[in-house]
Amino acid sequence: MRRALTAIAVVGALLLLAWLLWPVDLLCVDIEGWGSIWLPLREGQKLQLTWMHSVSDIPIREVFTVENHRLILMETHNQWFAAGLGEIAGRGRTIAEKNHALAIVDINEPSNGMILRIGSRGIHHTIKVGDISCDLSSFAPHKRAWFSVRLAPRLWYWLGNHCSSRRRQ
């Protein structure tokens, strides 16, 4: 009986270890002078980057998806085309939304390695993946951030920094 229990415990521990080491897609946001944030993703899942336009003070929402372990920009949404926003020939199509808002859809632009200069606290550069929301501006304003999808052991998510971390330098 003792041998059977030991064998079950060993098999269970090995299965847990295999599950923790199994590679999964993770969104990695490397923040200059701060460290990395890891967020769980899965193929086809959408994530959003929202922020307030620094000149026009309008909310902007960019929608990305994960395809073949890559981050792909799919669409952008805003109330109007403020400075630095708008159409680029051959890059998606513009559609009207409720309340005279605009969206550019069907962008389908690879964005792995995207670099973002995180705005001040009032800009609220925020990443939303599933139920997880992370306001980068609240703890890393004016820092440079690199976004990428990485295939990494599931364990990295639990060992890495999370949005609730408020470690500062």
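Read-outs throughout are calculated quantities, based only on the coordinates presented, and are distinct from any laboratory measurement. This is a predicted model, so every value here is computed, not measured. Glycine gets a Cβ as well: all are built from the backbone with ideal geometry, and neighbour counts include every protein chain shown.
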Exercise. Just wondering, is there one or more residues in region 44-61 that are free of Cβ contacts under 8 Å to residues at least 60 places away in the same chain, assigned to a strand (DSSP E or B), crowded, with 18+ Cβ neighbours inside 10 Å and under 26 Å from the mean Cα position of the chain (by Cα)?
Worked result: yes
Exercise. So is Q79 in contact with a helix residue (DSSP H, G or I) (Cβ under 9 Å, 6 or more places away or on another chain), within 30 Å of A103 (Cβ to Cβ) and not β-branched (V, I, T) or not?
Worked result: yes
Seminar exercise, completed: For region 23-36, the count of residues that are β-branched (V, I, T) and farther than 11 Å from W156 by Cβ equals 2
For this session: Name every residue in region 110-148 that is under 16 Å from I72 (Cα atoms) and either basic (K, R) or touching a Gly at 6+ places or on another chain (Cβ under 8 Å) (or both), in order of residue number.
Result: K128, W146, F147, S148
Problem set entry | Condition check for I37: free of Cβ contacts under 8 Å to residues at least 40 places away in the same chain and surrounded by 14 or more Cβ atoms within 10 Å (Cβ to Cβ) | no
Exercise. Any chance region 136-146 includes a residue that's farther than 17 Å from L26 by Cβ, in contact with a Leu (Cβ under 9 Å, 6 or more places away or on another chain) and in contact (Cβ under 8 Å) with a residue 40 or more places away in the chain?
Worked result: yes
Problem set entry | Check on E67, free of Cβ contacts under 8 Å to residues at least 40 places away in the same chain, within 15 Å of the chain's Cα centre (by Cα), surrounded by 14 or more Cβ atoms within 10 Å (Cβ to Cβ) and within 28 Å of W158 (Cβ to Cβ) | yes
Problem set entry | Residues within region 110-154 that are among the small types (G, A, S), more than 12 Å from the chain's Cα centre (by Cα), part of a loop (DSSP other than H, G, I, E, B) and surrounded by 16 or more Cβ atoms within 10 Å (Cβ to Cβ), tallied | 2
